Amino acid sequence: MQNRFNARFIARTAIIAAIYAALTVGLAPISYMALQFRLSEILVLLAFVNPAFAPGLVLGTFIANLFSPLGMIDVIFGTIATIMSIRYMIISKNIWIASLYPTIFNGIIIGAELHFVYSLPLALTMLQVAAGEFVVVTILGVPLMKALLKNKAFREKIEK
């Protein structure tokens with residue numbers, strides 16, 4: 001049995017976490033709050049292709065949410081939303097269906113967070129967060145990932 005925490009696993013986890021966190025924090029004006037277009041969320045589709053990317057995505061979300069205006073509540077619940085999204089993406093058989101889990105879980109969880117912290121209207125806030133996720137992950141992310149998966153070199157790198 002191969003050691004799960006080998007150098008390749010640690011490096012992949014660190015690189016994905018760093019990319020996710022850097023994209024989120026670097027694009028902070030569009031990464032946080034109710035009307036968010038967190039472009040780093042496209043990366044969650046990597047977990048659909050290869051579950052080995054999940055730890056890096058969860059760690060990246062945790063790190064990025066340390067910089068959230070919501071504070072520790074976003075670190076905890078935002079990370080939980082990512083864990084739940086990825087969990088269901090991994091068992092999904094279709095990338096289009098898999099791309100909807102971040103929309104659902106982030107819409108509900110982050111929308112509720114914003115409602116409780118800022119007293120924003122619950123249903124509207126959930127819809128705004130879900131809409132941002134849908135645009136980024138499903139409308140932008142899925143076609144991008146499908147195009148990238150046509151590239152043999154890319155596919156070989158991420159499927160290992």
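Here, each number is a calculation from the coordinates, and none is a lab measurement. Bear in mind the structure is a predicted one, so any value in this text is a computation, not a measurement. Glycine also receives a Cβ, built like all others from the backbone with ideal geometry; neighbour counts cover every protein chain displayed.
Each residue of segment 95-107 is assigned a 3J(HN,Hα), and the resulting list reads 5, 5, 5, 4, 5, 7, 5, x, 4, 5, 5, 5, x Hz, derived from the Karplus form 6.51 cos²θ - 1.76 cosθ + 1.60 (θ = phi - 60°), x at Gly and Pro. For segment 31-41, backbone phi angles converted through the Karplus equation (6.51, -1.76, 1.60; θ = phi - 60°) give residue-by-residue couplings of 9, 10, 6, 5, 9, 10, 10, 6, 4, 4, 5 Hz, Gly and Pro being listed as x. Kirkwood-type hydrodynamic radius, segment 57-96: 10.6 Å, calculated from all non-identical alpha-carbon pairs. Axis angle, to the nearest 10 degrees, between helix 7-26 and the longest C-alpha principal axis of the chain: 30 degrees. In segment 7-159, the C-alpha radius of gyration followed by the widest Cα-Cα span (Dmax) gives 14.6, 48 angstrom.
With respect to the chain, whose longest principal axis is taken over its alpha-carbon atoms, helix 54-65 is tilted by about 30°. When a footprinting reagent is the concern and you count Cβ atoms within 10 Å, what order do V142, V135 take, fewest first? In increasing order of surrounding Cβ atoms, one gets V135, V142.
Extending 7 Å from Cα along the Cβ direction at I158 and again at L144 yields two label points whose distance is 1.0 nm.
For segment 138-150, the Karplus equation 6.51 cos²θ - 1.76 cosθ + 1.60, evaluated at θ = phi - 60°, returns couplings of 7, 6, 8, x, 4, x, 4, 5, 4, 5, 5, 5, 6 Hz by residue, with Gly and Pro reported as x. Peptides 105-114, 26-35 ordered by packing proxy, namely the average of other Cβ atoms within 10 Å per residue, highest first: 105-114, 26-35.
The residues Y118, Y20, when put in order of fewest to most other Cβ atoms within 10 Å, stand as Y118, Y20.
In this structure, the amide hydrogen of L120, modeled 1.01 Å from its nitrogen in the peptide plane, lies closer than 5 angstrom to those of H115, counting only residues at least 5 positions away or on a different chain.
Cβ crowding within 10 Å ranks S85, S92, S40 as S92, S40, S85, fewest other Cβ atoms first.
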